[in-house]
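The values are calculated or read from the model by the stated rules, or taken from the named source; none is laboratory data. These numbers come from a predicted model, not from an experiment. In this analysis, Cβ positions are derived from the backbone assuming ideal geometry, glycine residues included, and neighbour counts consider all displayed protein chains.
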Amino acid sequence: MTRAMSKIYALNNDYTQYQDLKLGLRDIVRLTPDHIPLDDVLHFSYRNTHLMSFWLTPETKFSKNIGFENATIPDLSHWHRGTLVLSPRAFRLLRERLEKTGELLPVIVGTDTFYIYNCFVFGKEDEKKTKFSYLDDGRPFELLELVFTPETSDKLLFKSKLENCVTLFCNDQFKQIIEEYKLTGLDLDSVLLKSF
């Protein structure tokens, strides 16, 4: 009997209605102790670096994208590779689920504490169905199609090493949680790779 696979979605920011967290990776590097290798911070999502061991809660803000002056602060948003930003409300609702599979890093926005979820879960790619373009010498060049194994659809949130952990992905269960609690900010796309 074949296993029914839950649908998988890429989590993308809705830039038209919601603001972005104004926090750069450079800001985190600046606060990092000297004994932590720079690459562990710059590539923290790919290396599954635990940032909490040296995290110094930064103060930051949200900003509107040009042309979208009515944008509001979201409950959930993508920050940097393999992460999500959670509003205080989203943190209260999702904390128990997320702290099992990653770390929740506090950031101060005005008088509120938001949290960055640093995901430690990798999805397993279906190597037969995932497609690349190749260089003349046979080396993979560009990821053209990303397909995960059925077991991966059991994971609430996860990232892909083949995709260099650029995007955070979720399953139907996480989609249902977002809909149930009416959490704002994310566009869930069944097209897993964006072509630019």
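A few points about this structure:
- Verdict on TYR115 being at pLDDT 95 or above, within 30 Å of GLU59 (Cβ to Cβ) and over 16 Å from the mean Cα position of the chain (by Cα): no
- Residue among TYR15, TYR46 that alone is farther than 18 Å from CYS165 by Cβ and under 16 Å from the mean Cα position of the chain (by Cα): TYR15
- Filter result (farther than 23 Å from PHE44 by Cα and crowded, with 18+ Cβ neighbours inside 10 Å) within the stretch 69-89: ALA71, ILE73, PRO74, ASP75
- Count of residues meeting criterion [without any contact (Cβ under 8 Å) to a residue 12 or more places away in the chain and either under 27 Å from LEU186 (Cα atoms) or in contact with a strand residue (DSSP E or B) (Cβ under 8 Å, 6 or more places away or on another chain) (or both)] in the stretch 127-148: 6
- Check on GLU151, under 22 Å from ASP187 (Cα atoms) and loosely packed, with under 13 Cβ neighbours inside 10 Å: no
- Among the residues of the stretch 106-130, those that are part of a strand (DSSP E or B) and either among the acidic types (Asp, Glu) or exposed (fewer than 13 other Cβ atoms within 10 Å of the Cβ) (or both) comprise ASP112, GLU125.
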